[in-house]
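A quick write-up on the structure given underneath.
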Amino acid sequence: MEKRGEVTIFFSLILVCVLSLLMGLFESARTTGARLSLRMAADSATASVMSQYNKNLWDMYRLLFLEYESEQAIIQSFNEYFDFYLSQENFYAAKRESVELGAVSVMQDHGASALEEEILAYVKYRLPDIAGNLAGIANAAREAGKAGDFRALIEVCRQAGKQTRGLEKKRREIEASLEEMERLWQQAKEASDEEREGSFRRAAGKLRKEMQKFPARVAAYENELAKLSAHRSELADSRKWEEDAAYGEPDDMQASEGMEKELMAYSDVEQAAEQYRKEYQAMEQEIGECLDMLEEAFLLLEDEDDGEEENEPDWNVIGSCIDAARPPGPHREEIDEERSVALERLEKLLERDILLLVLPEDAVVSEQKVSRKGIPSSHFSTEKSTGKNPAEQLLINEYLFLSFDSYIAKHTDRTMPDTRDLSYELEYLLCGETSDRANLKKTAEKLLAVRGAMNFLYLFNTPEKKAQADSLATSVSGGNIAAQFVVSFFILALWAFGEAILDLRCLFAGGNVPFWKNEGSWRTSLEELLSLSFLDREGTGDGSRGQSGYEDYMRILFFLQNRQIRNYRMMDVIQWNVRKKQSDFSIESCLYKMQIKARVRQKHRFLLHGEYDVTVSTESSYAR
């Protein structure tokens, strides 16, 4: 039987093809598995690096950040973990070739948005504890935002009132000088008619000095008028309140309308003052001529004294000179000097150190200070970042009250130790000063502005109290109709701030103050304000529900604050406090997110080409 090999050869050829196909499939599966294994190794190595987060930062503030010395240190740490996975014996053997650190996100980037993410991740677990604090804060903050327009109005009223009263003071000095000249002229005239030389010399001498001072008094008045005109022009050019009110609600429009009325009255004051200035300039020339006649009367007396023979002065001629030297009469005005002085005293009082007015007598203010050297906020610059919605901002702000101390916490818990660089940390976050005292003072000023604005709004819309202010303005303005409206607004501003001082005394004593005042909660009368007897009242620890305490008003201020400024100051405090446990800690080295690109060399198992390069990229962050 003849043997043939066609089938064997055929199957041999097919076997080669089948084996090639199988080996190709095996290599493809191995390559895919190697890629997945490499990805797992890179992710695991990166996660291992991120697991080395700063323990002090977590223990103190529940924040997850990796503190690193340098980028090379991160790569070295990654290599140690990555090499461990690559060294395992399996079908996926590989050798590391190179590692590059890609984009790195640190705590300070993008306005410290990473810090906000970490805070939000933690604070959601505290919602049961803080939910009660969030009620009504957003609405109150919006109302406080409206009050911001009234803060601008109050400041305009105070400045306009101050300028107007300063101008009126100089005008009253001129009028008082005219009255004094008239009185002295009468004395000189009587002495001349009665030919009493000694009395005449005394009265005429004083009259001459008073006349000589008159030009300087007019110049002082003109200087005050120039200041008032410059201030009014500056206010007229800066019409920010119109822009705000254009998109506002009725309360905002009230602020705008009040500002317009104030400016119109201010303009009327300037016009009336300009008319007075012209009159006083004419009087200055007239008084100069009177002074010449008075000098001539003195010359007549001196000529008689120098004569060889003792002759009596020609009192007829001297009398004629005195008649010609009669000064112009003053404007007859009736001013309540007592109330005017009381108003000036009140104005000066409110310019004193605010802490002396609002803190309890037994309050001890911390004198701790810090340096700005090396803190994150010293390098602050506004960055574009994704803004958080109001709800998230409220949650982040609540974290502040969970993690940082404040004046009221120290005041109510006197056993709390001062182990931190600043005792009033919340006040620092709000104000950014380098000492506890400065931060507390600035916080008090901000609270005074908010309460003053809300009090002014109440007075502005209460006809009875506004009528009292109008009446007082009339009594201290001496019939100057133009100045009465400006002074009336000025009195309302002082009254609002006087009430605000009592409000702050209550807040700093741990009590509560209603956001919106009414007749029942208003405490200061106008008479008590002028007599300063309202300062005898002490702050009370009123715990009435539905009212706002110190921390509630702080929440409102934080809600209105620039979030990036808040974040940078937060990082300042965190760095100071963590350095108590770790002296070399730095916010600048706190990493939140990183990307790593690794290039490795792997071997084929079933292909002729033995080695090939693979690049794997991985990203890791503390986002939860």
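Residue count for the stretch 331-356, restricted to those that are in contact (Cβ under 8 Å) with a residue 24 or more places away in the chain, over 20 Å from the mean Cα position of the chain (by Cα) and part of a helix (DSSP H, G or I): 9.
The set of residues in the stretch 33-57 that are over 19 Å from Arg599 (Cβ atoms) and exposed (fewer than 13 other Cβ atoms within 10 Å of the Cβ) comprises Ala47, Ser51, Gln52, Lys55.
Within the stretch 394-416, the set of residues being outside any loop (DSSP other than H, G, I, E, B), of a type in the set (S, T, N, Q) and modelled with pLDDT of 85 or more comprises Asn397, Ser403.
Any idea which of Gly198, Gly161 is within 30 Å of Arg232 (Cα to Cα) and either in contact with a Phe, Trp or Tyr (Cβ under 9 Å, 6 or more places away or on another chain) or surrounded by fewer than 21 Cβ atoms within 10 Å (Cβ to Cβ) (or both)? Selected residue: Gly161, the only one of Gly198, Gly161 that is within 30 Å of Arg232 (Cα to Cα) and either in contact with a Phe, Trp or Tyr (Cβ under 9 Å, 6 or more places away or on another chain) or surrounded by fewer than 21 Cβ atoms within 10 Å (Cβ to Cβ) (or both).
Being over 21 Å from Tyr407 (Cβ atoms) and part of a helix (DSSP H, G or I), is that true of even one residue in the stretch 431-438? No, that holds for no residue. Criterion first (out of contact with any helix residue (DSSP H, G or I) (no Cβ under 7 Å at 6 or more places or on another chain) and not aliphatic (A, V, I, L, M)) does Glu67 satisfy it? For Glu67, the condition - out of contact with any helix residue (DSSP H, G or I) (no Cβ under 7 Å at 6 or more places or on another chain) and not aliphatic (A, V, I, L, M) - is not met. One residue stands out among those in the stretch 452-509 that are in contact with a helix residue (DSSP H, G or I) (Cβ under 6 Å, 6 or more places away or on another chain) and acidic (Asp, Glu): the one that is modelled with the lowest pLDDT, which is Asp470.
Listed conditions (1) exposed (fewer than 14 other Cβ atoms within 10 Å of the Cβ); (2) modelled with pLDDT under 90 are all met by Phe606, apart from (1). A Cβ distance below 6 Å, combined with a sequence gap of six or more or placement on separate chains, defines the contacts here; from the stretch 434-451, residues that are in the same structural domain as Met554 (by TED's automatic domain parsing) reach residues that are among the aromatic types (Phe, Trp, Tyr) in the pairs Asp436/Tyr424; Asn439/Tyr424; Asn439/Tyr428; Leu440/Tyr407; Leu440/Tyr424; Leu447/Tyr553. Check whether at least one residue in the stretch 219-227 is of a type outside the set (Lys, Arg) and within 30 Å of Asp314 (Cβ to Cβ), and report yes or no. The answer is no, given that none of the residues of the stretch 219-227 is of a type outside the set (Lys, Arg) and within 30 Å of Asp314 (Cβ to Cβ).
Okay, residues lined up against (1) modelled with pLDDT under 90; (2) in the same structural domain as Glu71 (by TED's automatic domain parsing); (3) out of contact with any Asp or Glu (no Cβ under 8 Å at 6 or more places or on another chain):
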residue: Gln547; (1), (2), (3): yes, no, yes
residue: Asp552; (1), (2), (3): yes, no, yes
residue: Ile556; (1), (2), (3): yes, no, yes
residue: Gln561; (1), (2), (3): yes, no, yes
residue: Arg566; (1), (2), (3): no, no, yes
residue: Asp572; (1), (2), (3): no, no, yes
residue: Gln582; (1), (2), (3): no, no, yes
residue: Ser586; (1), (2), (3): no, no, no
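Residue under question is Thr419, and the condition is that it be among the hydroxyl-bearing types (Ser, Thr, Tyr), under 21 Å from the mean Cα position of the chain (by Cα), assigned to a loop (DSSP other than H, G, I, E, B) and at pLDDT below 75; does it hold? No: the conditions fail for Thr419.
The values are calculated or read from the model by the stated rules, or taken from the named source; none is laboratory data. Because the structure is a prediction, the values reported are computed rather than measured. Using ideal geometry, Cβ is built from the backbone for each residue, glycine included, and neighbour counts are taken over all protein chains shown.
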